[in-house]
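Asks: Structure in structure tokens, see below.
The values are calculated or read from the model by the stated rules, or taken from the named source; none is laboratory data. Because the structure is predicted, anything quoted here is derived from the model rather than measured. Positions of Cβ are backbone-derived with ideal geometry, glycine not excepted, and every protein chain shown enters the neighbour counts. Protein only, heavy atoms only, side chains kept; ligands, DNA and RNA dropped before computing areas. Shrake-Rupley method; radii C 1.70, N 1.55, O 1.52, S 1.80 Å.
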Amino acid sequence: MKKKLGFSFDRRGAVAAVLASFALAACGGTPEASGETVVAASLDGEIEKPNLKFGFIKLTDMAPLAIAKEKGYFAEEGLNVTLEPQANWKVLLDGVIGGQLDGAHMLAGQPLAATIGYGTKADLIAPLSLDLNGNAITLSNKVWDMIKADLPKGPDGKPIHPISAEHLKPVVAAFEEQGKPFNMGMVFPVSTHNYELRYWLAAGGLKPGYYSDGDVQGVIDADVKLSVTPPPQMPATLEAGTIEGYCVGEPWNQAAVFKKIGVPVITDDQIWNDNPEKVFGLREDFAEKYPATTAAMLRAIIKAQQWLDADGGANRAEAVEILAQPNYVGADAEVIAASMTGVFTFEPGDTREAEGFNIFFDKYAGYPYYSDAIWYLSQMRRWGQIAEDKDDSWYFETSKAVYRPDLYLAAANKLVEDGVIAAESVPETDGFRGEQEGFIDGITYDGSKPNEYLAKFPIGLKAGDTVTASGVSGS
């Protein structure tokens, strides 16, 4: 039987347990070896700030916020929440840092990057993961036509998935012979999309380029050059020929299918199965100043996550109609449903089962694992956004500072006590998932050994490597 974690633990106790496990890891052990589970912070009390404004980008994975608003979960918790779409991820980040927004639907890498001072320096936290999976990589019709004939086919004549980036090699070479760069888009330098696209390209033997200190372009020594485009603008940018493909969340891959301007070739769960996608991010000082408010808004979002995954997705059709409203995602319901209701369309006539494409509550989707944070930090180092080597303990300490499972547990355990969610839906863990497989390159990820993990990649920075404008060199 699952043991409940009560509210008798304060945050100092939670941090002490975590630090004990990190200290062991720094001495050569692993965090799991301590046997310490993360415990809930004590966040009882009256709501300090009932009127709140949250930001989001027009993507289907903002659904927990929309559902918490439309189904009355925020109101049940005594909160009056306004949801406000933002123009792009930078505007959203600045809004949270500047206090115009109390919290936001964020890229998982944003609070981590801000905390370590990559781009903008600010103390942000991620007390809740919003979802697993939800992205895809789409190629232009021109590039799809160049690779389609050579793809392995199944008995039905359709391409076998997942499709490796190795099939792009002759296309990239053809562009190079013509003196043209092969350009692809992603949504932000520290986005999941950037790291997933880079992971897929590198797994296929293509170099996606490196960042140097102070460089936000990330195209040094690149076979494929990546650039930033806000999610809703991806289809138009592809259609204009500015890029030959992109990695983005839904519904903007399906939009390319419906407009017949591009073809998705791989979903992100085929790159890294059940990967964490977005988080709910806010300033650390907000959570410290308004602890009961923080707990209340997390409870409301967890209720919405459960609603989205309840009864095998029985509520997804209603969710699609809500998200289609112009004040939320604002895309046609048919386009949103093409990925939100347990299927994914790659081409007209090629719609496949994809029950796990969007996961909001199942598989502990809401729990902010330290190992998830460490994966993002490892990719920042792999591609040069973290300019110098860091020891394992740095990864542990940084993840602990930003990802806050103690706050998640304070909210989730109260819902368990109230009979709103099942005890079995809340994990007992030290914050690490353990060894994870399901990556397209077959490499196993263990968040307790970040430097050992980085050493496994054929393409990517190795220990001692630095990047300058002229390329990569060992130190």
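Asks: Give just the number: which of (1) over 23 Å from the mean Cα position of the chain (by Cα); (2) among the hydrophobic types (A, V, I, L, M, F, W, C); (3) at pLDDT 95 or above; (4) in a helix (DSSP H, G or I) does Ala68 not satisfy?
Replies: Going through the list (1) over 23 Å from the mean Cα position of the chain (by Cα); (2) among the hydrophobic types (A, V, I, L, M, F, W, C); (3) at pLDDT 95 or above; (4) in a helix (DSSP H, G or I), Ala68 breaks only (1).
Asks: Just one of (1) surrounded by 13 or more Cβ atoms within 10 Å (Cβ to Cβ); (2) more than 25 Å from Thr120 (Cβ to Cβ) trips up Pro405, so point out which.
Replies: (2)
Asks: Would you point out the residue of the range 419-458, among those that are part of a loop (DSSP other than H, G, I, E, B) and touching a Leu at 6+ places or on another chain (Cβ under 8 Å), that is modelled with the lowest pLDDT?
Replies: Within the range 419-458, the subset part of a loop (DSSP other than H, G, I, E, B) is 419-422, 426-435, 437-438, 440-444, 446-449, 455-458.
Subsequent filtering for residues that are touching a Leu at 6+ places or on another chain (Cβ under 8 Å) retains 421, 426, 428.
Values: Ile421: 98, Val426: 98, Glu428: 95.
Only one residue fits best here, namely Glu428.
Rundown of residues vs (1) open to solvent by 20 Å² or more (accessible area, probe 1.4 Å); (2) touching a His at 6+ places or on another chain (Cβ under 8 Å); (3) in contact (Cβ under 8 Å) with a residue 40 or more places away in the chain; (4) in a loop (DSSP other than H, G, I, E, B), yes/no style:
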residue: Gly179; (1), (2), (3), (4): yes, no, no, yes
residue: Phe188; (1), (2), (3), (4): yes, no, yes, yes
residue: Glu196; (1), (2), (3), (4): no, no, yes, no
residue: Leu201; (1), (2), (3), (4): no, no, no, no
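Asks: Suppose we keep only residues that are closer than 30 Å to Lys390 by Cβ and among the small types (Gly, Ala, Ser) within the range 411-441. Which one would you say is surrounded by the most Cβ atoms within 10 Å (Cβ to Cβ)?
Replies: In the first step, residues of the range 411-441 are kept if they are closer than 30 Å to Lys390 by Cβ; the result is 427-441.
Checking which are among the small types (Gly, Ala, Ser) leaves us with 431, 434, 438.
On the way: Gly431: 30, Gly434: 14, Gly438: 14.
Residue satisfying both the conditions and the ranking: Gly431.
Asks: State which residue is most open to solvent (accessible area, probe 1.4 Å) when the search covers only the range 158-177 and only residues that are of a type outside the set (Ser, Thr, Tyr) and not in a helix (DSSP H, G or I).
Replies: Among them, the one singled out is Ile160.
Asks: A further question follows. For the range 71-109, name all the residues that are among the charged types (D, E, K, R) and assigned to a helix (DSSP H, G or I).
Replies: Matches in the range 71-109: Glu76, Lys90, Asp94.
Asks: Say whether the condition of being within 28 Å of Lys414 (Cβ to Cβ) and out of contact with any His (no Cβ under 9 Å at 6 or more places or on another chain) is met by at least one residue in the range 85-97.
Replies: Checked against the condition, which is being within 28 Å of Lys414 (Cβ to Cβ) and out of contact with any His (no Cβ under 9 Å at 6 or more places or on another chain), the range 85-97 yields at least one hit.
Asks: Still on this structure, please answer the following. Among (1) touching a residue at least 24 places away in the same chain (Cβ under 8 Å); (2) open to solvent by 10 Å² or more (accessible area, probe 1.4 Å), where does Thr444 come up short?
Replies: (1)
Asks: Separate question: Scanning the range 83-131 for residues that are polar (S, T, N, Q) and farther than 24 Å from Ser378 by Cα, which turns out surrounded by the fewest Cβ atoms within 10 Å (Cβ to Cβ)?
Replies: Among those that are polar (S, T, N, Q) and farther than 24 Å from Ser378 by Cα, it is Gln100.
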